[in-house]
Structure formats: C-alpha cells, structure tokens
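Below you'll find the structure, written out as structure tokens, and then a few comments.
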Amino acid sequence: MTLHLVKLCVGVESVDQLRNYIEQRQIHALAQGLSDEQIHTTRMVPTRIDELLDGGSLYWVIKGNVQVRQKLIDIRVHKDDAGKKRCELVMEPYLHQTQLQPRRAFQGWRYLKPSDAPPDVTGPLLDQDQLADMPEAMRRELQELCLI
C-alpha cells in the first residue's frame, strides 16, 4: 500500500523559489560533473520504506500550506562523515502542484496516508505545464475561488 511523507520546506517562500532552487542545484551539479539527483537528507529513517517507494511522494509545506509534491524514487540509509546515521530521500526533480492544504508547523517529517493527501491541481482548461507557468499568487487565488 502506498504511503507518503509530508515535510516543511524551511527557508522557502514560494513554489517558484523551490523550483528555481532545484534547477540551480541541477545546473551546479552537472557543471561539476556530479549526479543531478534531487536528494533531501534527514536524520530520521522511515520504517515504512517499502510503502513509501510503492508510488509515494514527499509533500512540501510552504508558508503554512502543502503546495507541491515530489515523487520518491529511492530512500538510502548511510552514515555521514561523523559516523551518524542519515537518510537520503531521492526524488524526481519535477514539482507536482497540489491543492492547498493548511498545515501547522512541526519538526521532521510525518507519514501521510493517500486518503489525507491533497490532490494534484488540474483543471479542465489547464494542463500541468500551464499551471506550472502560472504566477503563484494567481494560482492561489484561483484555488481559493475553487476554479482550479
């Protein structure tokens, strides 16, 4: 059964800022001859890895709302240079915008059941690329008006 994670996107003010950050990391990594994998490192290791890798995503909370998700590709457990256990959440580099879902601040990550996850934003007249190109303020307003 599929399971998701939800996590605060600390220091990020908007979906556009997160998208730019991902693009810049990819450009920087490729310029240095490194892998352009999208990895988020965390201290805690999920115990339900098989369920997370069965189609799960990492849902990002930005400015108090779940706004986007990234599909999980792999979860790698390793020890850092100081010998402390770490977990790398490997995600696809694409952001899938979701309907806004308010979330209070919390530390770390939380499991998220598919039934509790916000649906992706789609509309009859807009495809995912058009939504991604739309200014965030406009998208937010259209969502609040239930138009997308």
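The values are calculated or read from the model by the stated rules, or taken from the named source; none is laboratory data. These figures come from a predicted structure and were not determined experimentally. Note that we place each Cβ from the backbone using ideal geometry, even for glycine, and neighbour counts take in every protein chain shown. For accessibility, only protein heavy atoms count, side chains too; no ligands or nucleic acids. Shrake-Rupley method; radii C 1.70, N 1.55, O 1.52, S 1.80 Å.
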In terms of the charge dipole of the range 6-93, which places +1 on Lys and Arg and -1 on Asp and Glu at the beta carbon, the residue among LEU53, ALA82, HIS40 farthest towards the positive end is ALA82
For LYS79, the aspartates and glutamates lying under 12 Å Cα to Cα, once residues fewer than eight places off in the same chain are dropped, come out as GLU88
With +1 on the Cβ of every Lys and Arg and -1 on the Cβ of every Asp and Glu, the dipole magnitude of the range 12-70 about its Cα centre, in debye rounded to the nearest 20, is 200 debye
Heavy-atom accessible area with a 1.4 angstrom probe orders SER14, SER57, SER35, most exposed first, as SER35, SER14, SER57
For the range 1-74, the convex hull over Cα atoms projects on average to an area in nm² of 5.5 nm²
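What's the magnitude of the charge dipole for the chain around its Cα centre, counting Lys and Arg as +1 and Asp and Glu as -1 at the beta-carbon? Answer in Debye, nearest 20.
Numbers: 19 positive and 21 negative charges, 171 e Å.
Dipole of the chain, to the nearest 20 debye: 820 debye.
Compute for the chain: radius of gyration divided by Kirkwood radius, i.e. Rg/Rh, restricted to C-alpha atoms, rounded to two decimals. Before the final figure, lay out each step's value.
Values: Rg = 15.8 Å, Rh = 16.2 Å.
Here Rg/Rh amounts to 0.97.
Round to the nearest 0.05 the FRET efficiency obtained for LEU142 and LYS85 when R0 = 30 Å and r is the Cβ-Cβ distance.
Values: r = 43 Å, r/R0 = 1.44.
In this case the efficiency is close to 0.10.
Quick check: net charge around VAL15, other residues with Cβ under 9 Å of its Cβ, Lys/Arg +1 and Asp/Glu -1? It would help to have the intermediate numbers written out before the result.
Working: positive: ARG19, ARG139; negative: ASP16, GLU136.
Combined, the nearby Lys, Arg, Asp and Glu give 0.
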To the nearest 10 degrees, the tilt of helix 15-31 (Cα long axis) against the first principal axis of the alpha carbons of the chain is 40 degrees
The distance between the Cα centres of the range 1-67 and the range 72-103, in whole Å, is 5 Å
Here the Cα Rg-to-2.2 N^0.38 Å ratio for the range 63-120 is 1.36
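How charged is the neighbourhood of ILE49? Take every other residue with its Cβ under 13 Å from the Cβ of ILE49, and add Lys/Arg as +1 and Asp/Glu as -1. Provide the component values of the computation, followed by the final result.
On the way: positive: ARG48, ARG76; negative: ASP50, GLU51, ASP54, ASP74, GLU88.
Local charge sum for ILE49: -3.
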